[in-house]
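Following: one structure in structure tokens, then a few remarks.
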Amino acid sequence: MTILIPYASLVASPWKNGGGSTTEIAVAPPGAGLDSFDWRISLATIAASGPFSVFEGIDRTLALVDGPGVTLDIEGDGRFVLGEDEPVLEFAGEAQVLATVGAQPTTDFNVMTRRARCSHQLGKRSLSGLSGFATRADLTILFLAEGESLEVSSDDQRIGMVRYDAMLFDGDATWTLEAGQATIFIVDIYFHED
């Protein structure tokens, strides 16, 4: 099954500490809260420096989408700059993380998976013209990070996307992607067997 998630249909929620906002793109099980999800994909805007929430048992990946980036001090790992030179960063959700932003806010793509139930990998790909795309995981999410539009087509479907739209692919499928210039994030989620 293939599901388009239009960004225009999503609503941002402000953080409790006032330092930013999060737009949830997809979560499983549907409607799960922050303490009960198996996996969660979101877009976060960090407007002020401060600590990240702690998520026990969660693996996290952040990818820069817009803005100058953010400096993260991660307990036990050191200091990292999520920016143009290092646009993707992985860390444990239980780690204490302090974010420092400059004068401009930063927008990041956020993937979280519950370690006991599933794992994830995030890839980044630049597109120009036509290219092929094949899903390879239990669940694959395609996110249009940059570019005005992207057309995703198969033998029997043709779906148009605009910036920040996402698509969920369940099962094996081969698609054709067409864009003038675009950057996509591909999230592969693998479920652990019981």
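I need the peptides 40-48, 105-113 ranked by packing, meaning the mean over residues of other C-beta atoms within 10 angstrom, with the highest value on top.
The most tightly packed comes first, giving 105-113, 40-48.
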- Task: Could you go through the range 61-66 in sequence order and give the Karplus-derived ³J(HN,Hα) for each residue, using 6.51 cos²θ - 1.76 cosθ + 1.60 with θ = phi - 60°, rounded to whole Hz, and x for Gly and Pro?
- Result: 9, 10, 10, 5, 10, 8
- If the convex hull is drawn through the Cα atoms of the range 82-150, its volume per residue in Å³: 127
- Listed residues Asp77, Asp66, Asp38 arranged by accessible area, highest first, probe 1.4 Å: Asp77, Asp66, Asp38
- Quotient of Cα radius of gyration and Kirkwood radius for the chain, i.e. Rg/Rh, equals 0.96
- Note on the structure: Which residues qualify? For Leu34, with a placed amide H closer than 5 Å and at least 5 residues away or on another chain, they are none
- Query: Given a 1.4 Å probe and every protein chain left where it sits, what share in percent of the accessible area of the chain is carbon and sulfur?
  - Reply: 48
- Note on the structure: Amide H contacts under 5 Å for Asp138, restricted to residues at least 5 apart in sequence or on another chain and with H modeled in the peptide plane, are Ile189, Phe191
- Placed amide H near Ile5: partners under 5 Å, 5+ positions off or other chain: Ala166, Met167, Leu168
- With every protein chain left in place, what is the accessible area per residue of the range 104-194 in square angstrom, probe 1.4 Å? 49
- Task: Starting at the first residue of the range 118-133, write each ³J(HN,Hα) from the Karplus equation 6.51 cos²θ - 1.76 cosθ + 1.60 with θ = phi - 60°, in whole Hz, x for Gly and Pro.
- Result: 7, 9, 9, 9, 10, x, 10, 9, 9, 10, 8, x, 9, 8, x, 8
- Debye log10 I(q)/I(0) for the range 1-81, one point scatterer per Cα, at q = 0.12, 0.19 Å⁻¹: -0.42, -1.05
- Karplus 3J(HN,Hα) series, Hz, for the range 22-35 with 6.51 cos²θ - 1.76 cosθ + 1.60 (x for Gly, Pro): 10, 10, 6, 8, 7, 8, 9, x, x, x, 5, x, 5, 9
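The values are calculated or read from the model by the stated rules, or taken from the named source; none is laboratory data. As the structure is a computational prediction, the values presented were derived from the model and not from experiment. Glycine also receives a Cβ, built like all others from the backbone with ideal geometry; neighbour counts cover every protein chain displayed. Accessible surface is based on the protein model in full, side chains and every heavy atom, while ligands, DNA and RNA are left aside. Shrake-Rupley method; radii C 1.70, N 1.55, O 1.52, S 1.80 Å.
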